[in-house]
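> Right, I'll just put the structure down here and ask away after.
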Amino acid sequence: MMGVPEYTVGLRLCIRIGFLKILAGFCLGLAGAAWLAGEFSGRQPATVALDVGLSFAHFAILLLGIVFAQELFAKEFERKYSLITLSYPISRRRFVLARFAAAYTLLIGSCLAMALSLVIATIFVSQSYEQARVVDLGLPYVWTWCLIALEAFFVLALATLFACVARSQAFVLLSTVGLFVVARSFSAMLSLIEMDRTLVEQPGHYQVGLETIGFLLPDLSAIDIRAASLYASMTFVPENWWLSSLSVLFYALMLLSIAIFIVDRKDLI
């Protein structure tokens, strides 16, 4: 039970930085971007609106995860606040886990709020144009957001690791964003090279490099199953997405374990 007060502290710290205002801004921005995309789309406005809204949500969750990691860990170590926090009867392991749990709780809440905002925007857009193939906002949509929540778990674990080792908050931002972009795009680049080897010179070298990245990072694009909701069909969903989901979960738990290991041996003075 020692970790429970620290969990509450983590929630308060995240809310204190204006989390509710940030979340409200993201929900309005998501709904607005989805509505504009649908209105300016010549065909299938609901599909376009849903697609743009989901892309916006991925970006918003990434930023929120980084902000939480900076607030709960990077600032604590940079300003030596952790010396006061860890003077209480709480282990460093529980300190990391409790604050991580607090941040992830708010990320789950953010996913729910943005998912609802996107549903409202998509329904509103779909009323102005009747599509031949309607979007599916039922179970496929729910599964899509469940996997976004899994991606959020990975992003938060990655940002937490960087926040525990970084000496500046800019490093947390740049490193997390950089690795996130690589994890989202390397498999698509590999597929393009396999389809057309004339796109780059010496495609073999590129292919080996991209395959190496696949051993170091999980394939986040493989757990993006938005196509099931966009087209009401599983035809365009990446194969073995469930296996990729387990891989993402494994990587996230490994990153979190490394962060705990580092904090356990970190010189806080």
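A short reminder: the numbers here are calculations on the coordinates, not readings from a lab. Because the structure is a prediction, the values reported are computed rather than measured. Every residue, glycine as well, gets a Cβ built from its backbone with ideal geometry; the counts of neighbours run over all protein chains shown.
> What are the ³J(HN,Hα) couplings of the stretch 140-147, residue after residue, when phi is run through the Karplus curve with 6.51, -1.76, 1.60 and θ = phi - 60°? Round to Hz, x for glycine and proline.
For the stretch 140-147, the Karplus-derived couplings read x, 5, 4, 5, 4, 6, 4, 6 Hz, x marking Gly and Pro.
> Identify which of 210, 13, 50 has the largest mean-square fluctuation in a Gaussian network model of the chain, with springs joining Cα atoms closer than 10 Å.
Residue with maximal mean-square fluctuation among 210, 13, 50: 210.
> In percent, how large is the relative contact order of the chain, given Cα pairs closer than 8 Å and 6 or more residues apart?
Value for the chain: 25 percent.
> Related question: Helix 92-126 sits at what angle to the longest principal axis of the chain, using alpha carbons and giving 0 to 90 degrees rounded to 10?
That helix lies at roughly 20 degrees to the long axis.
> To the nearest 10 degrees, how steeply does helix 3-16 sit against the main Cα axis of the chain, on a 0 to 90 scale?
Once rounded, one gets 60 degrees.
> Angle, helix 203-216 long axis vs. longest principal axis of the chain, Cα atoms, 0 to 90°, nearest 10?
Between the helix axis and the principal axis of the chain, the angle is about 50 degrees.
> With r as the distance between the Cβ atoms of residue 194 and residue 232 and R0 = 30 Å, compute the FRET efficiency 1/(1 + (r/R0)^6) and round to 0.05.
Once rounded, the FRET efficiency stands at 0.55.
> Rank 180, 250, 40 by mean-square fluctuation in a GNM of the chain with C-alpha springs under 10 angstrom and give only the top-ranked residue.
Between 180, 250, 40, it is 40 that shows the largest mean-square fluctuation.
> Could you bin all the Cα-Cα distances of the chain into 10 Å bins starting at 0 and give me the percent of pairs in each, rounded to whole numbers?
In whole percents, the pair-distance histogram is 7, 26, 30, 23, 11, 3, 0.
> Where Lys and Arg each count +1 and Asp and Glu each count -1, what net charge lies around residue 137 among other residues with Cβ under 14 Å from its Cβ?
Summing Lys/Arg as +1 and Asp/Glu as -1 gives 0.
> Whole-Hz Karplus ³J(HN,Hα) for the stretch 217-232, in order, using 6.51 cos²θ - 1.76 cosθ + 1.60 and θ = phi - 60°, x for Gly and Pro?
10, x, 8, 6, 5, 6, 9, 8, 9, 4, 4, 5, 8, 5, 10, 6
> Okay, moving on. Using a/c under 1.5 as the rounded threshold, could you call the stretch 102-145 rounded, prolate or oblate? The axes a ≥ b ≥ c are square roots of the C-alpha gyration tensor eigenvalues, and prolate needs a/b larger than b/c, oblate otherwise.
The shape class here is oblate.
> Let me ask something else about it. Give me the dipole magnitude in Debye, nearest 20, for the chain about the Cα centre, with unit charges on the beta carbon: positive for Lys and Arg, negative for Asp and Glu.
1140
> Can you tell me how the stretch 93-212 classifies by the Cα gyration tensor, rounded, prolate or oblate, using a/c under 1.5 as the rounded cut?
Cα axes put the stretch 93-212 in the oblate bin.
> Based on alpha-carbon centroids, what's the gap between the stretch 194-259 and the stretch 46-79 in Å, whole number please?
20
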